[in-house]
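The values are calculated or read from the model by the stated rules, or taken from the named source; none is laboratory data. This is a predicted model, so every value here is computed, not measured. All Cβ positions, glycine included, derive from the backbone under ideal geometry; neighbour counts span all protein chains shown.
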Amino acid sequence: MNMRGFVILPLMGPSTVWLYRRLGVMVLIADETVVDISELGRNLGVGGVGRNSPIVRSLGRLEAFGAASWNGQIYAVRRALAPVSARQLARLPEIARAVHRDAVRRGEHCVPAPA
């Protein structure tokens, strides 16, 4: 597992990380695209689109982490995540904090682009 997996996965959760990666590929291919949320959920193995469905919760988590935003018509996805905050670091397991500290010491970006 790479550094991103150690740091981002425990914060966002696996469904949200996979969603971000999938949307990141779509953003790299075309600046704009229309996405069928139900199909996207099925492709990620998280099913339907009800208000409390896993895909809808994952979209909400992307917004909560600042990785995406919804203005009522357009769901915009950032091409890169913001650095991990001190509050987020405090929530991580010790091994993830150690991996993060080591990456910072080496001068690596802690959250590169999704693809």
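Check whether at least one residue in the stretch 50-64 is under 26 Å from ARG101 (Cα atoms) and surrounded by fewer than 16 Cβ atoms within 10 Å (Cβ to Cβ), and report yes or no. So that I can check it myself, show each step before the final result.
Narrowing the stretch 50-64 to residues under 26 Å from ARG101 (Cα atoms): 61-64.
Among the residues that remain, those that are also surrounded by fewer than 16 Cβ atoms within 10 Å (Cβ to Cβ) are: 63-64.
Yes, the conditions are met somewhere in the stretch 50-64.
Residues are listed down the side, and each one gets a yes or a no for (1) exposed (fewer than 12 other Cβ atoms within 10 Å of the Cβ); (2) assigned to a helix (DSSP H, G or I); (3) at pLDDT 90 or above:
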| residue | (1), (2), (3) |
| --- | --- |
| GLY66 | yes, no, yes |
| GLN73 | yes, no, no |
| VAL84 | no, no, no |
| ARG87 | yes, yes, yes |
| ALA103 | no, yes, no |
| HIS109 | no, no, no |
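List the number of the failed condition for ARG79; all other conditions in (1) in a loop (DSSP other than H, G, I, E, B); (2) touching a helix residue (DSSP H, G or I) at 6+ places or on another chain (Cβ under 9 Å); (3) among the basic types (Lys, Arg); (4) over 22 Å from PHE6 (Cβ atoms) hold.
(4)
Output the number of the condition that SER58 fails; it satisfies all remaining conditions of (1) in a helix (DSSP H, G or I); (2) in contact with a Gly (Cβ under 8 Å, 6 or more places away or on another chain); (3) farther than 26 Å from GLN88 by Cα.
Only one criterion in (1) in a helix (DSSP H, G or I); (2) in contact with a Gly (Cβ under 8 Å, 6 or more places away or on another chain); (3) farther than 26 Å from GLN88 by Cα is unmet by SER58, namely (3).
For the stretch 1-36, how many residues meet the condition of being in contact with a Leu (Cβ under 9 Å, 6 or more places away or on another chain) and modelled with pLDDT of 90 or more?
Residues flagged as in contact with a Leu (Cβ under 9 Å, 6 or more places away or on another chain) and modelled with pLDDT of 90 or more within the stretch 1-36 amount to 11.
Cβ-Cβ under 6 Å, sequence separation 6+ or interchain: first residue in the stretch 52-76 and free of Cβ contacts under 8 Å to residues at least 60 places away in the same chain, partner surrounded by 12 or more Cβ atoms within 10 Å (Cβ to Cβ) and assigned to a loop (DSSP other than H, G, I, E, B). Which pairs?
PRO54/VAL46; ILE55/VAL46; GLY66/ALA82; ALA67/ARG78; ALA67/LEU81
Looking at the stretch 48-62, can you tell me whether even one residue there is among the polar types (S, T, N, Q), out of contact with any His (no Cβ under 8 Å at 6 or more places or on another chain) and within 25 Å of VAL104 (Cβ to Cβ)? Break it down into steps so the answer makes sense when it comes.
Of the stretch 48-62, the ones among the polar types (S, T, N, Q) are 52-53, 58.
Those still in the list that are out of contact with any His (no Cβ under 8 Å at 6 or more places or on another chain) too: 52-53, 58.
Applying the additional criterion that residues be within 25 Å of VAL104 (Cβ to Cβ) yields none.
Checked the stretch 48-62: no residue is among the polar types (S, T, N, Q), out of contact with any His (no Cβ under 8 Å at 6 or more places or on another chain) and within 25 Å of VAL104 (Cβ to Cβ).
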